[in-house]
Amino acid sequence: MSVYTITIHGGAGTILKENMTAELEASYKNGLSEALAIGFALLENEGTALDAVKAAVISLENNILFNAGKGSVFAKDGQQEMDASIMDGKNLMAGVVSAVKNIRNPVELAYTIMTQSPHVMLTGQGAAEFAKLHGLKFEDDAYFFSQFRYDQWKQLQNSGATALDHNVSLKDQSAAQADKKFGTVGAAACDKHGNIAAATSTGGMTNKQWGRVGDSSIIGAGTYANNKTCAISCTGHGEPFIRAVAAYDVSCLIEYKGLSLNDAMNIVVNDKLMKIDGEGGMIGVDAKGNAAMIFNSDGMYRAMRNSNEENIIAIYK
């Protein structure tokens, strides 16, 4: 029986302790702890890695603090436009949804695409029709509203600019860029049978337009899982992660160069991505239950728990 492990993230970026109240820090840690506990309980009770990552990400999507599902940022049109992906390392099956609105849990839709269709990716209105066909839950716009996200959007609405998830107190774009947060949630897990899986979900960029798609809904960039190597979920400035094929690159370093999970992730995050201004991080597991959480930004909301009684919840460097 393998060591069973789950690791999760809730985004990365300029996350500094001096900018965080004790109350807000506790809220973030509670959100991470709750998602971690939900995923770990499934692994403990013979659940699959796939079930665990889906359940953990759903918990994070339901938490308004994180930029995914309920907490998604506002796009240019004043609505939420969400992306998600999930991958099963046992058989390389994957499901992806991009640019959907009003879906309560985009990762649930990604899972349904993987298990109930011959396709990997569905987008926009077609994805919404598929969700209705399979009875997935929709919510009205009010469900996704938070004053914090709305104020972020209003700062940028008439500028034509987009921004990664940033602090609402910042009043100018230069300051906002100095306080970047890359809002994504994700999970990677290894179950008792040595099967691994990963999932990622995001609300994308504040004030985004033209149907911009980030790395979270691209297999190999923001999410990847293969029992032979690793399961990875990324969070960061999506464009460099796409160009670096970041999640798959970790897998390649393990498969073709024989590197450990930690060493492979370290090369991708702190060398390859840094060379193309790819700020952010990733979490990962391998089929032996090893886990790593590596980032090149000032912080990453992250947590890990395994059957060896290791339990980590952290935010800062």
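Laboratory data are not the source of any read-out in this text; all were calculated from the coordinates shown. Everything numeric in this text was worked out from a predicted model, so none of it was measured. A quick note on method: Cβ atoms are made from the backbone with ideal geometry, for glycine too, and the neighbour counts reach across all protein chains shown.
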Item to complete: Among Leu273, Ile196, Ala55, pick out the residue whose Cα is farthest towards the positive end of the charge dipole of the chain, where Lys and Arg carry +1 and Asp and Glu carry -1 on C-beta, about the Cα centre.
Response: Leu273
Response to the item:
Most exposed first, judged by fewest Cβ atoms within 10 angstrom, Thr21, Thr115, Thr206 run Thr21, Thr115, Thr206
Worksheet item: Among Trp210, Trp153, which comes first, then next, by fewest other beta-carbon atoms within 10 Å?
Response: Trp210, Trp153
Fill in: Choice from Leu24, Leu43, Leu273 with maximal GNM fluctuation in the chain (Cα, 10 Å cutoff)
Leu24
Fill in: Highest-MSF residue in the chain out of Ser307, Ser98, Ser297 [GNM, Cα springs under 10 Å]
Ser307
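Under the classification rounded if a/c is under 1.5, otherwise prolate if a/b is larger than b/c and oblate if not, where does the stretch 46-132 fall, given a ≥ b ≥ c as square roots of the Cα gyration tensor eigenvalues?
Numbers: a/c = 2.48, a/b = 1.32, b/c = 1.88.
Verdict is oblate for the stretch 46-132.
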Worksheet item: Label-point separation (nm) for Asp151 and Lys137, each offset 7 Å from Cα along Cα-to-Cβ?
Response: 2.8 nm
Worksheet, complete the sentence: Of the convex hull drawn through the C-alpha atoms of the chain, the volume per residue in Å³ is 117 Å³
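Magnitude of the Cβ-charge dipole of the chain, K/R +1 and D/E -1, about the Cα centre, nearest 20 debye? The partial results should precede the final answer.
Numbers: 27 positive and 34 negative charges, 63 e Å.
So the dipole magnitude of the chain works out to roughly 300 debye.
As a quick test, which of the pairs Lys29/Lys317; Lys288/Lys317; Lys29/Lys288; Lys17/Lys70; Lys70/Lys272; Lys208/Lys272 have an alpha carbon distance above 21 angstrom in this structure? Display every interim value, and only then the final one.
On the way: Lys29/Lys317 15 Å; Lys288/Lys317 26 Å; Lys29/Lys288 27 Å; Lys17/Lys70 25 Å; Lys70/Lys272 33 Å; Lys208/Lys272 26 Å.
Violating the 21 Å Cα-Cα cut-off are Lys288/Lys317; Lys29/Lys288; Lys17/Lys70; Lys70/Lys272; Lys208/Lys272.
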Item to complete: Work through the residues other than Gly222 whose Cβ is under 10 Å from its Cβ and net out their charges, Lys, Arg +1 and Asp, Glu -1.
Response: -2
Worksheet item: Of Gly284, Gly194, Gly204, which is the most mobile in a GNM of the chain whose springs link Cα atoms less than 10 angstrom apart?
Response: Gly194
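Please arrange Val250, Val3, Val100 by counting, for each residue, the other beta carbons lying within 10 Å of its beta carbon, fewest first. Please report the intermediate quantities before stating the final value.
Values: Val250 31, Val3 17, Val100 25.
Lowest to highest Cβ neighbour count: Val3, Val100, Val250.
Using the Cα atoms of the stretch 203-302 to build a convex hull, what is its mean projected area in square nanometres? Could you put the intermediate results ahead of the total?
Details: hull surface 25.4 nm².
Mean projected area of the Cα convex hull: 6.3 nm².
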